[in-house]
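In what follows, a single structure is set out as structure tokens and then discussed.
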Amino acid sequence: MNGEGQKGAPQGFDPRRRRFLSAAAAAAGVALAPGVMLYGIAASTPAGARAPEEAASPWVRWGLLVDVARCREGCDACVTACAEENGLRGQGRPETDAQWIRKVELRDPASGTERSLPVMCQHCAEPPCVDVCPTGASFKRADGIVLVDKHTCIGCRYCMMACPYKARSFVHEAVTGQKSYAPRGKGTVESCTFCVHRVDAERSPACVEACADSGGGAMLFGDLHDPESEISKRIATYATTRIRADLGLDPGVRYRNL
Amino acid sequence: MARGAVIVLALVMGLVALTGPPWGGAIQAACAAEDSRVPLPAITKGKGESCVAETGFMRRNHMNLLDHQRDETMREGIRTTRFSLKNCVACHAVPGADGKPVGADDPRFFCTACHEYVAVKIDCFQCHASRPETPARAGLREGFGGNAALSMIGKDWR
């Protein structure tokens, strides 16, 4: 299953490029002033993978590309995988149960064209949920992943109202049996995290993996800031759209054939 | 006579107050003795030789370490394991009657045992898992299945 030369390295990683950038950064750091280094590059490990003690890098922006033409109607592999990965168990009350990712079926009444696509937190570059949060609990990580810090979330749900994608859920009832890497509890708001625990371990989100394994292989995860990454190349090659692009939120999730 | 006794008592109390630490140590030692009438929390020892830092330091500062770690992990994605709550839970797991680790609602649970004793309520485990992850799922860093999936899509997708 492993592609040749892909073992252990993130998609689109080129060691030569990394070495060149590191050397350039070191030179720039020396040129600026002694002891002053460009943030984020100097601490990079030679292996390309982020060390556990290294903070998320602002030079990375995680994004997702969904090919709607490959997304099958009725397939919910991504939704199931998300629930399994993050320990989301419904209470049998669809109105209030958490939805981090949902399948949306679209039909153009004029032409009858039908589309089926997954919609989750779009991880905007200008997230309105972060703008409105009164406690700073809703935040965007350096690598572009939008998260809720449940330690400071007061459950006001302002972010849920601000989000044009209806991506966030409120936990209405006490939760038990959480996953150790995905804490969640009553009285806080939550949403898709791009499986941040997996991303930090150099893996792709559970939905992407499930889509490749048992779905249509419609999802591609990668670094939008790296021009050599597969996702960047594809975005540069053909036209992709973002939902409600008119809002100017610059979402990290893009769709093709929508 | 009664006045004299009061003065002597006051002097003794003053002496105890002034030489606090050694007396305190003696009192603590007496409490720790098995025949003590003072109830003590039943704390199960964690795995390994010692905790991630000196025991006295951990007793006083574990909450600060956890707070610090939580902000670093949540906000910056720093995932060192030394002071992580996951690590605490894994190392200090207390097996129940069925041999499986008990949860935070059990009085034998490491945090609960002491926190109930000192009447300090913690809400960590309303959200966080109080049972360690099973080995199959715990070693996240070992698995690179995600990249396999990525490379697969890379080839397959046109």
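Key figures
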| quantity | calculated |
| --- | --- |
| Charge sum, other residues only, whose C-beta stays under 9 Å from A:LEU106's C-beta, Lys/Arg counted +1 and Asp/Glu -1 | -1 |
| Integer Hz, Karplus 6.51/-1.76/1.60 couplings in order for the range A:164-181, x for Gly and Pro | x, 9, 6, 8, 9, 10, 9, 8, 8, 10, 4, 10, 10, x, 5, 7, 5, 9 |
| Straight-distance crosslink candidates among lysines, where the alpha carbon sits under 25 Å from A:LYS166 and sequence neighbours closer than 8 are dropped | A:LYS103, A:LYS140, A:LYS150, A:LYS179, A:LYS186 |
| Pairwise centroid distance, computed over Cα atoms, of the range A:56-110 with the range A:134-180, Å | 17 |
| Cα-centred dipole magnitude for the range B:33-114, charges only on beta-carbon of K, R (+1) and D, E (-1), debye, nearest 20 | 120 |
| Karplus 3J(HN,Hα) series, Hz, for the range A:55-72 with 6.51 cos²θ - 1.76 cosθ + 1.60 (x for Gly, Pro) | 6, 4, 8, x, 7, 10, 9, 6, x, 9, 10, 10, 8, 5, 5, 8, 7, 7 |
| Average other protein chain Cβ within 10 Å of Cβ, residues A:50-56 | 5 |
| Per-residue Cβ neighbour rank within 10 angstrom, fewest leading, B:MET74, A:MET219, B:MET63, A:MET120 | B:MET63, B:MET74, A:MET120, A:MET219 |
| In Hz, Karplus ³J(HN,Hα) per residue of the range A:240-246 (6.51, -1.76, 1.60; θ = phi - 60°; x = Gly, Pro) | 10, 10, 10, 5, 6, 4, 4 |
| Anchor A:LYS233: aspartates and glutamates whose Cα lies under 16 Å away (excluding residues fewer than 8 positions away in-chain) | A:ASP14, A:ASP67, A:ASP223, B:ASP156 |
| Selection from A:ALA174, A:VAL199, A:GLY217, by position along the positive dipole direction of the range A:144-258 (Cβ) | A:ALA174 |
| Hits among aspartates and glutamates - C-alpha to C-alpha of B:LYS100 under 18 Å, sequence gap 8 or more where chains match | B:GLU133 |
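Values quoted throughout were computed directly from the atomic coordinates according to the rules given, and no laboratory measurement underlies them. Predicted model, so just to flag it, every value in this text is computed and none were measured. FYI the Cβ positions are ideal-geometry reconstructions off the backbone, even for glycines, and counts take in every protein chain you see.
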